[in-house]
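The values are calculated or read from the model by the stated rules, or taken from the named source; none is laboratory data. Predicted, not measured: the structure shown is a model, and the values here were computed from it. Glycine also receives a Cβ, built like all others from the backbone with ideal geometry; neighbour counts cover every protein chain displayed.
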Amino acid sequence: MSWNRTTISILVGVLLIVGLVWGFWPESVAVETAVAEHGRLEVTIEEEARTQVTDRYVIATPVTGYVQRIGLDEGARVSPGDELFVMEPHRSEMLDPRRRAEARASVDAAQASLARAEEVARATQADAEYAESEFRRIDRLWQEEAATDQERERAASQARHLEAQWASAVRAVEVAEHQKQVAEAAFRVTSETASGGADDNLHVRAPHEATVLRVHRESEGVVRAGEPLVEIGETTSLEVVADVLTSEAVRLRPGMPVQFERWGGASSVSGEVLRVEPQGFTKISALGVEEQRVRVISVATASDDEWERVGDGYRVIARFIVSSDDDVLSIPSNALFKMDGKWAVFTVESGRSRVRFVSPGRDAGLRVEINGGLEQGEEVIVHPDHTLEDGMRVSVRDENVIW
């Protein structure tokens, strides 16, 4: 009987000790983890952008007079020589000697502008032909594996860029020729007398094939010289303009790839950076903060039928690809934290948290490149709590973060 009481006392004591140990034993911390793995990493700059017509022309009144009602509709197509609007002269003013002299000077200036535009067109044509021959030469070397992909892409981008400049220069010649004809017509009108018997009306015509973008004034009435009436442009030739922070724009170069997203189509459209303008400007953000930004001009290099329906002033999201690699060890960026001035992460080893100092590389937003301190397949804790310390027991939640 005494032995049974002793046994029972021992058992009660053991159970009491076990209960106390169990009650004071620290609970494990529930954490979420992600795996350090090799994969594709893109470093991008994303900005809201808008489309604009590459070559936009504002047709203004060449002289002061009386314009007839403009019957053009915005979105209508016009061909070279199509009538845009008709002006009737104010004879008392248009027969003034001073105005006749001014009209003669306008003709001379228009002729000089045409000559200059023709010279620029010849120069850009020569540059474009040289760039095309240079691309063919580098393409042959590339096929013989004597040139790199980067050299071939740079030559192709330069050829496309100069070809676009040549096309723009040719259109500038057409516009200069049109302006010369308008100036000559204005001079003829100012030189005619009221009883000359000729058509005193000035017929302003389209310089080339384009789309009517805007009609500034439809009603007839008196207009002053230089007043804009019609705006035309070729909507099939679009640029994408993005206002990028100057601190990020320094990483962009002409020819860099860009993706146009969230423009209304089913998929993104590929493009490339055309130029980064040299002049920055101050812009007030939605939070009222002054920011220094610069305009970055891009063009689409591949498009589909849906993109053809995009017009002037449409909103798009431009995602500039600064760098891209297919085999990079990376982890979620929210797994990193600073400890003693160094970057570190918590890894999970044998059910405990362990501090590991790492060397982060490029930051792609959601993921960060790891150049040292981690290996493929190691588990890291994301969103580590401020109470988490080295060596603490942790339990991984069933729903791990998917990246």
Checklist (1) under 18 Å from the mean Cα position of the chain (by Cα); (2) not assigned by TED's automatic domain parsing to the domain that holds F260 applied to W307, failing item: (2)
Hey, could you check the range 232-251 for residues that are in contact with a strand residue (DSSP E or B) (Cβ under 6 Å, 6 or more places away or on another chain) and part of a helix (DSSP H, G or I) and say which is surrounded by the most Cβ atoms within 10 Å (Cβ to Cβ)? A249
Tell me the residue from I317, I370 that is assigned by TED's automatic domain parsing to the domain that holds A34 and aliphatic (A, V, I, L, M), please. I370
Looking at (1) closer than 20 Å to S268 by Cα; (2) in contact with a helix residue (DSSP H, G or I) (Cβ under 9 Å, 6 or more places away or on another chain); (3) not charged (D, E, K, R), which is the one condition that is false for G311? (2)
Here is a check on your reading of the model: is G255 over 13 Å from the mean Cα position of the chain (by Cα), at positive phi and either among the acidic types (D, E) or not assigned by TED's automatic domain parsing to the domain that holds A155 (or both)? no
Is there a residue in the range 52-59 that is polar (S, T, N, Q), in contact with a Pro (Cβ under 8 Å, 6 or more places away or on another chain) and either over 15 Å from R224 (Cα atoms) or not assigned by TED's automatic domain parsing to the domain that holds V368 (or both)? no
Search the range 97-137 for residues being of a type in the set (K, R) and more than 19 Å from S157 (Cβ to Cβ), and hand back the single one that is surrounded by the fewest Cβ atoms within 10 Å (Cβ to Cβ). R98
How many of the residues in the range 286-303 are more than 12 Å from the chain's Cα centre (by Cα), among the hydroxyl-bearing types (S, T, Y) and outside any loop (DSSP other than H, G, I, E, B)? 0
If you go through the range 68-77 one residue at a time, do you hit one that is surrounded by fewer than 18 Cβ atoms within 10 Å (Cβ to Cβ), assigned to a helix (DSSP H, G or I) and touching a strand residue (DSSP E or B) at 6+ places or on another chain (Cβ under 9 Å)? no
How about the range 331-358: which of its residues are among the polar types (S, T, N, Q) and surrounded by 15 or more Cβ atoms within 10 Å (Cβ to Cβ)? S333, N334, T347, S353
Out of R56, R40, sole residue that is within 45 Å of the chain's Cα centre (by Cα), under 30 Å from V175 (Cα atoms) and at pLDDT 85 or above: R56
Can you tell me which residue among V322, V368 is surrounded by 18 or more Cβ atoms within 10 Å (Cβ to Cβ) and at pLDDT 90 or above? V368
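For the range 325-403, which strands (runs of 3 or more DSSP E) that fit wholly inside it have 1 or more residues that are over 15 Å from E32 (Cβ atoms)?
Those strands (runs of 3 or more DSSP E) span 337-339, 342-349, 352-357, 359-363, 367-372.
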In the range 380-403, anything surrounded by 17 or more Cβ atoms within 10 Å (Cβ to Cβ) and either modelled with pLDDT of 90 or more or within 13 Å of A335 (Cα to Cα) (or both) is listed as V380, I381, V382, P384
Kindly check whether there is at least one residue in the range 107-125 that is in a loop (DSSP other than H, G, I, E, B) and of a type in the set (D, E). no
By residue number, the members of the range 252-285 that are assigned to a strand (DSSP E or B) and hydrophobic (A, V, I, L, M, F, W, C) are V258, F260, V269, V273, L274, V276, F281, I284
Report yes if some residue within the range 286-293 is free of Cβ contacts under 8 Å to residues at least 24 places away in the same chain and either in contact with a His (Cβ under 8 Å, 6 or more places away or on another chain) or at positive phi (or both); otherwise report no. yes
Conditions (1) in contact with a Phe, Trp or Tyr (Cβ under 9 Å, 6 or more places away or on another chain); (2) surrounded by fewer than 14 Cβ atoms within 10 Å (Cβ to Cβ) -> T61 fails only (2)
Within the range 148-160, can one find any residue that is surrounded by fewer than 17 Cβ atoms within 10 Å (Cβ to Cβ) and of a type in the set (A, V, I, L, M)? no
